[in-house]
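Colleague: I'd like to ask you about the structure that follows.
Readers should treat all values here as calculations from the given coordinates under stated rules, not as data from a laboratory. This is a predicted model, so every value here is computed, not measured. We place every Cβ from the backbone using ideal geometry, glycine too, and count neighbours over all the protein chains shown.
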Amino acid sequence: MQVVSPLLGSEIEQRRGKRLSIAASGVAAATFALGLYLIWRYPVIYWDDAYTRLAYRDQVLVGRWLPAMQMLVFLTGKLPAGLVMLRVLLAGIAAGGVLAVYQYTARVFNPAAGLLAAALLATHTLFIALATVPYREVLIATLCFLVLPLLDRASEPRRRAAAYGLVVLLNLTRYDAWLFVPIFVLLEACRGFETGVWKAAIHTGVPAALIMGAVPVAWTLFGPIAVLEHETGVLERILSGEVRALLTGMLDHGWWRTRWDLLLLGAAGAAAALADPNKRRHPLRLLSLAGIQFSFLTIAGIWRAENLRMTFLPTVLLIPYAAGAYLLAAGRLLAGIRQIFPALERSRLPEGSLLAAAAAGFAFLVYAGLEFVAGASGTPVYRAGYAAGSAFSDRDITGVLILAEAPVGPYVFASYSDVPLEAVFELGPTTLDHGLRAGTPEALAAAGISHVVAVYSDEAGLSPEEMDLLDRLNSGEIAADRTITKGGEVWRLRP
């Protein structure tokens, strides 16, 4: 008697599922390989927050940020080629995210939908861009798709411990992840209530609340910043009547920065899943997480509508259901084609053509992602800081004054050089904890400046104070030895 898999229904489907699982592993491996290529091809990372993290690589608590990502920066910063190792680690997390979304979607729909979801995530433009830089969105998405399946089988102690641990880690990524905790606690309470006894719901829900809510409560009470005071500024702006700016920003954000195909098809796929009473809880909880993200980020992030990352996470959370809807639409399309053209009833041409079109679409999305990374990595201020920091090799320093056209310049230089941020100075107004108000010989000597480094791509972007210092150096009024490196000009001040 043939043994039939209880999950896939037949030995043929089981073998097909294994092939699709192997294919998903191939997509994850390709994601990791693409990440390695980006690290090699574009060594200049992008966006200001990443450089703040890297410049403070010897610290775990930086500003108001929660420490999960900074911990990775801190640990890899202790290794040789720490920045490269960090980016490799992040590429590995991205590959893990692709596998996680496959497993989740295959469980909710089927392995074919899981493979499509993995491909949709791996070729998402912002996913490609974020996969090798120290931002938290990819980590959050990966953790969400890992936590939900574990909570489904939380009756097993090891899986429950793993789920709770991942939720704690999720709480250490970003403040809006704290809003997920009530959903996870409710899932645990419902698991207990499935027995029909209220005490069982309390028995599962209360420990979940205590463990999962520990980080938000402790950080709010004892953290380094006043979280509630900082995060309620948006509400004050709305109450003060800036509604027109909010609505305008929402329209701009939604129209230009959202993958509408994923949103619309994700909603359609979720509606189809809701129609199945046995699987209704899956779309309900993921829609809840996506809804929390949309409501929080659409309001909080809209005041900075240029931030492309704001709509990434809520869109990615809908990918499993977008994949289900894509497959449903493809099935109906193929059925319609065969109805119109009966001669194709036994032909594999329609499926082959559809697969070829999908492959071409995914290839285009990867190309778009590469172009996006190339543009972001080519930002002049980042390239200038990379060149100057990488080329700076003098070990006998007491202080380095940076001439930069943007406030991020000192952070970029510190990220790529071995000079600690405490020894990096900026002339005039600065975001550093220390600065220099004047570029006179006396001021330079008092601050212990031993080097002046040019970290700019266009001299016109320098402040009047920096231009004056540049004139003093070039005229010899300030005694210094000038050298030209691959990264630009460096002046070593004479005692």
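Colleague: Where a ≥ b ≥ c are the square roots of the eigenvalues of the C-alpha gyration tensor, would you call the stretch 90-145 rounded, which needs a/c under 1.5, or, failing that, prolate if a/b is larger than b/c, or oblate?
Modeller: Prolate, since a/c reaches 1.5 and a/b exceeds b/c.
Colleague: Stretch residue 15-residue 37 to full length: gain in nm at 0.36 nm per residue minus the Cα-Cα span?
Modeller: Once the chain is fully extended between residue 15 and residue 37, it gains 4.6 nm.
Colleague: Sticking with this one: Using the per-residue mean of other Cβ atoms lying within 10 Å as a proxy for protection, in what order, highest first, do the peptides 369-379, 165-175, 136-146 fall?
Modeller: 136-146, 165-175, 369-379
Colleague: Also, quick follow-up: Counting only the backbone N, which residues of the stretch 430-474 are under 19 Å from the spot 7 Å out from the Cα of residue 486 toward its beta-carbon?
Modeller: Residues 453-457 qualify, since their backbone N sits under 19 Å from the label point.
Colleague: Turning to a different aspect of this structure: Past the 13 angstrom mark, what percentage of all C-alpha to C-alpha distances in the stretch 70-115 do you count?
Modeller: The answer is 60 percent, as a whole percent.
Colleague: For the stretch 405-470, just say rounded, prolate or oblate: build the C-alpha gyration tensor, square-root its eigenvalues into a ≥ b ≥ c, call rounded for a/c under 1.5, and beyond that prolate if a/b exceeds b/c, oblate if not.
Modeller: Because a/c hits 1.5 or more and a/b fails to exceed b/c, the stretch 405-470 counts as oblate.
Colleague: Which order do the peptides 45-52, 479-486 take when ranked by the mean count of other beta-carbon atoms within 10 Å per residue, highest first?
Modeller: 45-52, 479-486
Colleague: Follow-up. Quick check: pseudo-label points 7 Å beyond the Cα along Cα→Cβ at residue 199 and residue 431, how many nm apart are they?
Modeller: Taking the simple label geometry, residue 199 and residue 431 are separated by 5.7 nm.
Colleague: While we're looking at this one, here's another question. How high is the FRET efficiency from residue 85 to residue 347, r the C-beta distance, R0 41 Å, rounded to 0.05?
Modeller: E(calc), rounded to 0.05, equals 0.20.
Colleague: Among 365, 417, 389, whose Cα lies farthest out toward the positive end of the dipole of the stretch 365-440, if unit charges sit on the beta carbon of Lys, Arg (+1) and Asp, Glu (-1)?
Modeller: Comparing the listed Cα positions along the dipole, 365 ranks first.
Colleague: Averaging the inverse of every distinct alpha carbon separation and then flipping it gives the Kirkwood radius. What is it for the stretch 380-493, in angstrom units?
Modeller: One over the average 1/r among Cα pairs gives 13.6 Å for the stretch 380-493.
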